[in-house]
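Colleague: Before I ask anything, let me first share the structure, which is written out below as structure tokens.
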Amino acid sequence: MREELVWLDEEVRRPTNPLQASLEFVGALGLLLFASGRALLQGRIEVRETLHQMAFIGAASAPIVALTSAFTGAVVTLYSASLLVDVGGGGFVGGAIALAMTRELAPILTGIMVTARCGSAIAAQLGTMKITEQVDALRALAVSPIQYLVIPRVLAALAMFPLLCMIANFSGVGGGWVVANAFGISANSFLQSIRLLTEPFDLIGGLIKTLVFALIVTLVSCQQGLGTRGGAAGVGHATTRAVVLSMVLIFAANYFLADLLFATR
Amino acid sequence: MSKTPALETRQLVYAVDGKTILKGIDLRVEYGEVVGIMGASGSGKTTLLKCLCGLLKPTGGEVWVEGVNIAPLSERERMPMRLRLGIVFQYAALFDFLTVYQNVAFGLERHRRLSQQQIRAIVRERLEWVGLENVEHLYPSQLSGGMRKRVGLARALAMDPHIVLFDEPTSGLDPVNAYQIDRLITRLNRELNLTAVVVSHDVVSLMRTTHHIAMVDAGQIIAEGTPDAIRHSEHPKVQAFLKMASAEAL
Ligand SMILES: Nc1ncnc2c1ncn2[C@@H]1O[C@H](COP(=O)(O)OP(=O)(O)OP(=O)(O)O)[C@@H](O)[C@H]1O
Ligand SMILES: [Mg+2]
């Protein structure tokens, strides 16, 4: 398998139509996934770089993930409470928001926020390294860009996404709680309904989703970054494409994962 | 058949975007030899160096490194050979997120079983070779262009490669530092029997440091030989190049 196809320029044919372009994109992603898997099994792990990336992806994203989920939890509660309280279903609000957060909102918000925050940064950094020959310098020092650049980011994302998703769960439900309070729903009945309506798998399923999102964001961003051509404009294109493609793939994957994990429940 | 050369290309062709940059290069570099490559800007010198060290995959022809044709090899199969071959990039290509120390120590930390002290000693020595001190803790963005270039040189020399490819090691340096680098290349060649390929615009420095010079023009070698032979070459393009260069030197 030829991992260098991800970054070598001369082997990249200019795609002539969108279908060919998307096929090549999928091919490159698959190649990168395969090469990363193999490198992970065979080579040493760059521990320092991985920790560095964990701090970058995790710590740096935590505040925005918490904030956006708190507001999302609040707004969902606003709608559901105003409906349910009228028909005497105030006791279901807590469960509804917890279910919505754990299964859908927390994972997808985590995915989107990290894509915006880190996917763009990864593509920009790797793109800059590519056009300033730093990727070539790595190779010249007999260090594989997959080993040194891709794997630490993938591992860091795999470790941090579930954590961020948990943060999103707590702040989303917390945000909901505040709004529910304003609607006169007691803390007790809020918690009671969470216990009644959700089960552990709602949480676990959501966390499983984030693992897939983690792979999508890091692989797409690394692939776009390493495939950068041209100067600063090339880096700009790569960054934009990394964000757009990651988001689209996250939403698509989310649908299929929901079908797979929750549809039969 | 004579003994294996350190580097050899046979009918090396490199094309990208439908443009042929190298059009059949035959170059031979013996062990312990310093070979100079000169040529106008855009003639394909950097591309040739990158093919020699396997960073670019040739479109056609063969590239032999220490007796192995690396042209058909995959990236993974080329990795071991890179441990014996260093390259100094034209624009230094330092890792901008690492300090000077970490840049120079990069290969050592990954490929050699050395203690931190041993690595520190090697890094300090290589930086001394290129005339730098007290810069270990700085980031590349805090250095001048010439300093970056010299750190790139130190990084390439850190792993004690047998063969080093220098892409314009002295361009952008002041005359004193440029002379020091020339001296360094000569010294490494004499004392450690380093094989070197030096790409340069600086004809005077090439004449001084090399055993053999090839002149590249539009992706082809149009003249080659000892510095003296090149100096007396009758090829009009070589003549023009030398004339302009000596005019510049005045
Ligand atoms: N990735 C690429 N895509 C398209 N053309 C390229 C690419 N890389 C190099 N070229 C072209 O190849 C030619 C040779 O480039 P190269 O960098 O090897 O020149 P050079 O001899 O090193 O020049 P200089 O002395 O200015 O460094 C140039 O005309 C350049 O336009
Ligand atoms: Mg060049």
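Colleague: Considering only protein heavy atoms and a probe of 1.4 Å, how much of the accessible area of segment A:45-262 is carbon and sulfur, as a whole percent?
Modeller: Within segment A:45-262, the accessible surface is 75 percent carbon and sulfur.
Colleague: Computed FRET efficiency, Cβ-Cβ of B:LEU83 and B:GLN118, R0 22 Å: what is it to the nearest 0.05?
Modeller: E(calc), rounded to 0.05, equals 0.80.
Colleague: What whole-number volume per residue, in cubic angstrom, does the convex hull of the C-alpha atoms of the protein assembly as shown give?
Modeller: 176
Colleague: Could you list, in their original order, any pairs among A:LYS130/B:LYS237; A:LYS209/B:LYS57; B:LYS3/B:LYS243; B:LYS3/B:LYS23; B:LYS149/B:LYS243; A:LYS209/B:LYS50 whose Cα atoms are separated by more than 31 Å?
Modeller: In this structure, A:LYS130/B:LYS237; A:LYS209/B:LYS57; B:LYS3/B:LYS243; A:LYS209/B:LYS50 lie more than 31 Å apart at Cα.
Colleague: Right, here's the next one. With every protein chain present, what is the per residue accessible area of the protein assembly as shown (1.4 Å probe, Å²)?
Modeller: Dividing the accessible area of the protein assembly as shown by its residue count gives 44 Å².
Colleague: At 7 Å along Cα-to-Cβ for each site, give me the label-to-label distance between B:ASP17 and B:ALA240 in nm.
Modeller: 2.4
Colleague: While we're on this one: Measure nothing but the geometry: give the 0 to 90° angle between the long axis through the Cα atoms of A:232-262 and the longest principal axis through the Cα atoms of chain A, rounded to 10°.
Modeller: Compared with the principal axis, the helix lies near 50 degrees.
Colleague: Which order do peptides B:104-113, A:41-50 fall in by mean Cβ count within 10 Å, highest first?
Modeller: Ranked by mean Cβ neighbours within 10 Å, highest first: B:104-113, A:41-50.
Colleague: Pop a pseudo-label 7 angstrom from the Cα along the beta-carbon direction at both A:PHE170 and B:SER74 and give the gap in nm to one decimal.
Modeller: Simple spin-label model gives 4.5 nm for this pair.
Colleague: Taking H placed 1.01 Å from N in the peptide plane, check which residues at least 5 places from B:THR226 or on another chain put their amide H under 5 Å from its amide H.
Modeller: B:ILE213
Colleague: Starting from the Cα coordinates of segment A:145-216, work out the convex hull volume and express it per residue in Å³.
Modeller: Once divided by residue count, the hull of segment A:145-216 is 85 Å³.
Colleague: Another one. So, in Å, what gap is there between the alpha-carbon centers of segment B:1-69 and segment A:132-211?
Modeller: Taking the Cα centre of segment A:132-211 as reference, the centre of segment B:1-69 is 50 Å away.
Colleague: What are the aspartates and glutamates whose alpha-carbon lies under 17 Å from the alpha-carbon of B:LYS19, with same-chain residues fewer than 8 places away excluded?
Modeller: Straight-line reach from B:LYS19, under 17 Å: A:ASP9, A:GLU10, A:GLU11, B:ASP217.
Colleague: What does the charge add up to near A:GLN125, with Lys and Arg as +1, Asp and Glu as -1, over the other residues with Cβ less than 14 Å from its Cβ?
Modeller: That works out to +1.
Colleague: Report the relative contact order of chain A, percent, no decimals, based on alpha-carbon pairs under 8 angstrom and at least 6 residues apart.
Modeller: The value is 32 percent.
Colleague: Report the calculated FRET efficiency for B:HIS137 and A:ALA233 (r = Cβ-Cβ distance, R0 = 35 Å), to the nearest 0.05.
Modeller: Computed FRET efficiency for B:HIS137 and A:ALA233 comes out at 0.55.
Colleague: Another question, if that's okay. Could you list, bin by bin from short to long, the percent of Cα-Cα pairs of segment A:45-262 in 10 Å steps?
Modeller: Taking every Cα pair in segment A:45-262, the percentages come to 9, 31, 29, 17, 9, 4, 1.
Colleague: Tally the DSSP beta bridges in the protein assembly as shown and give the antiparallel ones as a percent, rounded to 5.
Modeller: Percent antiparallel among DSSP bridges in the protein assembly as shown is about 55.
The values are calculated or read from the model by the stated rules, or taken from the named source; none is laboratory data. Note that the structure is predicted; figures quoted are calculated from it, not measured. As a convention, Cβ positions derive from the backbone with ideal geometry for all residues, glycine included, and neighbour counts pool all protein chains shown. Accessible surface is based on the protein model in full, side chains and every heavy atom, while ligands, DNA and RNA are left aside. Shrake-Rupley method; radii C 1.70, N 1.55, O 1.52, S 1.80 Å.
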